[in-house]
Each structure stands twice: as C-alpha cells, then as structure tokens.
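Novice: The structure that follows is given in the form of structure tokens.
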Amino acid sequence: MAVALGLDTSNYTTSAAWFDGTAGDNAGKLLEVPQGSLGLRQSEALFQHVKRLPEILSALRETGLSHHLSALGASTRPREVEGSYMPCFLAGESQARGMATVLGLPFYPCSHQQGHIAAAAWSAGRLDLLDRPHLVWHLSGGTTELLYAQPEGVSVRAECIGGTSDISAGQLIDRTGKRLGLAFPAGKAVDRLSLQAKGQKTFRVKVKESTFSFSGIENQMNALAQAGEEPAEICWYVLAAIIGAVETATRQALEKYPGLPVLCAGGVASNQLLRQRMIQTCGAVFAQPRFSTDNAMGVAILTWRAHTKEI
C-alpha cells in the first residue's frame, strides 16, 4: 500500500500528515505568538518550524503513520502563481526533500493553497471535486479569495475571481481580537463571543463582481470599541459583515458559473455562523473544522495522488 507523508510549515502552524488513499491523519501545532502581537516575523516563524518538526513527526507516528513510506511532499509556496514566496515554507520543504533523498523516495511539491483545497475536499467527503470545476473560498489569516478551480494533473489550478481588495477576513478578526484583548489567533474567541450578542447590529458590505473591502468594517469596529460597546456585540457586528460579504460574493459568482459546487477552506471557514449561512443559502460544502485550519493533510493527499499516478 502506498503511503504518502506531507509537511506544511505555514506562517502560524507546523504540521505533518499521512495518507494511504483512503485514510490519513494530521498532527500540527500553532507557533508561539507573543501576547498582544498580530503575528511573527518570517525569520522567527522559520526558526520555530525547524525546532518543532521533529516533535510533530513523532506525534504523527503515534497516530498510525507507517514507516513504509512511498513518497514525500511539502507545500513550498503560498499559491500556485509566479512570484508566490514565503521563507517559512523552506522549513517543511527542506525537511521533506532531505528525507526523500536519504530514503530514496520521490518528492512532490505543491502550494499551501492547493493543500487547503485538497484537505477541505477530502474531509468533506468530496475528493471528487479535485477532478471537476468548482468554486472555492480560501478564508484564512492572510487570505480571503474566491477561486475558480479546475483540475490540473493530480491537483487543481485556482484562478482568483473575487474576495477582499484589502485586508483579509482573518486579519479583520485578529485585529478585532487584539482590540478586545483576546489572544492571537482570535478566531475561536471571537466566534464564541459573537454567540452571546443580543443587539446584533449589522452592516452591509458593498460587493461588486464578487469583490469587496473590509477596511471600512475595521474602522467601524474601532469606533464601536472606542464608544464602549460590549465585546460580544462587536464580535457579532464584525462576523455578520464578513458573512454577508462572502454570501453576496458567492451568489454573484454563481450567476457567472451556475451550478458549480462551492467548497469552503481555511481557518475562518471553521466559523459556526458562516457555516450555517453558507450551507443554507449557497449549498456550500465545508471541511471538517480540524481540517479547515492550516494543516498538511492536503499536501499528503496530493503527494499520494501524484505518486500513484506514476506507478
């Protein structure tokens, strides 16, 4: 049985995963971000990844990773586009390439975004989406993109057709969290607080051709906090604006691409309110929460697909 090992060292998570064509598992851990900070410098992220990879691989082995590996892979860049680069991905790539060389096994690179799409499709029970056109939301700490995805070999080629024109949904949520004194990343805390809101103020974000801006919402969020609004109400206000923009942009895209499935991936896609709305109104398909956030599962899946196609 072919078993693939995938590594992903994104800006905030070290992860490794295995996949055998049917089953698989992921082990990952968030990087340490100082209290009150909104992130890490790339040099610090890279350093933490290098230190943590042995620990992550050891944890993955305990979940059932066979030592009879057939192929290794890693995410080597944020997106599958020219010029896409972040130093933090060098940690996973160099580790996987080195292991492949020593073991005499093939190495297969992919992008972090392609991995997100594959992990979301598999965990939702829709791996078939990788072999047909579909729409994808990549909603994460640094990305809010609506993609038109088409099969390309064993992976997908994703074209951005909408999303934010400035800050991402994840950045808006984390900046909200920082303003309210929440720990980074703030997604889960903001999600929990929003469910306690009573007033539930809303703001409709202007969406044109599936594109929108979140900077105005950030200004409104700061104004509400300055005025002493309750944290729960602020969290609801921000999330409601994000959800409304994503839903409207999706509806506009479906007018151009009628009938296409909609897949939602990325850490922000684990938000409870977003899931409920998008499933009800757009029939969207979501990754399981643990495979919505940064993980190496998709990398392992794409590595397995690439290897089994060659043998």
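Novice: Out of the DSSP beta bridges found with both residues in the chain, what percent are antiparallel (nearest 5)?
Specialist: Antiparallel: roughly 60 percent of the beta bridges in the chain.
Novice: Hey, what's the Kirkwood Rh for the stretch 1-141 if you take every pair of different alpha carbons, in angstrom?
Specialist: 15.8
Novice: Sticking with this structure for a sec: Tell me the GluC sites (Glu not before Pro) within the stretch 1-91 that lie in a loop according to DSSP and have at most 14 other beta-carbon atoms within 10 Å.
Specialist: Sparse-neighbourhood loop GluC sites (Glu not before Pro): Glu32, Glu82.
Novice: List, in order, the whole-Hz ³J(HN,Hα) value for each residue of the stretch 104-120 obtained from phi through the Karplus relation with A = 6.51, B = -1.76, C = 1.60 and θ = phi - 60°; use x for Gly and Pro.
Specialist: x, 10, x, 10, 10, x, 8, 8, 4, 5, 4, x, 4, 5, 5, 5, 5
Novice: Oh, and also: With a ≥ b ≥ c the root eigenvalues of the C-alpha gyration tensor of the stretch 84-168, is it rounded (a/c under 1.5), prolate (a/b larger than b/c) or oblate?
Specialist: oblate
Novice: Ok, one more. Just to check I understand the Karplus step: with θ = phi - 60° and J = 6.51 cos²θ - 1.76 cosθ + 1.60, what whole-Hz values come out for the stretch 290-305, glycine and proline as x?
Specialist: Coupling constants for the stretch 290-305: 5, 10, 7, 6, 4, 7, 9, 4, x, 5, 5, 4, 5, 5, 4, 5 Hz.
Novice: Between Gly115, Gly39, Gly92, which gets the highest mean-square fluctuation from a Gaussian network model of the chain, Cα cutoff 10 Å?
Specialist: Judging by the Gaussian network model, the answer is Gly39.
Novice: Something else about it: Near the amide H of Ala71, under 5 Å away, which other amide H atoms are found, from residues 5 or more places off or on another chain, if H is placed in the peptide plane?
Specialist: Val3, Leu5
Novice: Relative contact order (percent) for the stretch 138-226, with alpha-carbon contacts under 8 angstrom and 6 or more residues of separation?
Specialist: Averaging sequence separation for qualifying contacts and normalising by length gives 28 percent for the stretch 138-226.
Novice: May I pose another question? In square angstrom, rounded to the nearest 10, how much accessible surface does Leu180 have for a 1.4 Å probe?
Specialist: Probe radius 1.4 Å; accessible area of Leu180 about 50 Å².
Novice: Run the numbers on the chain and let me know its relative contact order in percent, using alpha-carbon pairs under 8 Å that are six or more apart.
Specialist: 24
Novice: Here is a further query. Would you mind telling me the antiparallel percentage of the DSSP bridges in the stretch 1-129, rounded to 5?
Specialist: 60
Novice: In nanometres, what is the gap between the two model label sites at Cys160 and Gln288, each 7 Å from Cα along Cα-to-Cβ?
Specialist: 3.1
Novice: [x] 35, 56, 9, 0; [y] 24, 47, 23, 6, 1; [z] 31, 58, 9, 1: which one is P(r) over Cα pairs in 20 Å bins from 0, in percent as calculated from this entry?
Specialist: Only one option fits the structure, namely [x].
Novice: Which whole-number percent gives the relative contact order of the stretch 252-294, counting Cα pairs below 8 Å spaced six or more residues apart?
Specialist: Reported relative contact order: 47 percent.
Novice: How far is helix 272-282 tilted, in degrees, relative to the longest principal axis of the Cα atoms in the chain, given as a value from 0 to 90 rounded to the nearest 10?
Specialist: Once rounded, one gets 90 degrees.
Novice: Where in the stretch 206-306 are there GluC sites (Glu not before Pro) that are in a DSSP coil and have at most 11 other Cβ atoms within 10 angstrom of their Cβ?
Specialist: The qualifying sites are Glu209.
Novice: Give me, ordered by chain and number, the residues 5 or more places off Trp137 or on other chains with an amide H under 5 Å from its own placed amide H.
Specialist: Result for Trp137 returns Leu147, Leu263, Cys264, Ala265.
Novice: Okay, moving on. At a 1.4 Å probe, what is the % contribution of carbon and sulfur to the accessible area of the stretch 169-311?
Specialist: Here it works out to 49 percent.
Novice: Now for a separate question. Taking the Cα of Val102, stepping 7 Å toward and past its beta carbon, and measuring to each backbone N in the stretch 1-24: which are under 12 Å?
Specialist: Nothing falls inside the zone, counting backbone N under 12 Å.
Novice: Any chance you could run the full-extension gain for Leu127 through His68? It's 0.36 nm times the residue separation minus the Cα-Cα distance, nm to one decimal.
Specialist: 18.8 nm
Novice: What accessible area per residue, rounded to a whole number of Å², is obtained for the stretch 197-270 using a probe radius of 1.4 Å?
Specialist: 48
Novice: Suppose all protein chains stay in the model; what accessible area per residue would a 1.4 Å probe give for the stretch 1-43, in Å²?
Specialist: Averaged over the residues of the stretch 1-43, the accessible area is 42 Å².
Novice: If you don't mind, there's one more thing I want to ask. With runs of 4+ DSSP H residues as the only contributors, calculate the mean residue ellipticity of the chain at 222 nm using -39,500 (n - 2.57) per run, divided by the residue total and rounded to the nearest 500.
Specialist: -13500 deg cm²/dmol
The values are calculated or read from the model by the stated rules, or taken from the named source; none is laboratory data. Keep in mind it's a predicted model, so treat the numbers as computed, not measured. Backbone-built Cβ (ideal geometry, glycine too); neighbour counts: all protein chains shown. Please note that ligands, DNA and RNA were not included when accessible areas were found on the heavy atoms of the full protein model with its side chains. Shrake-Rupley method; radii C 1.70, N 1.55, O 1.52, S 1.80 Å.
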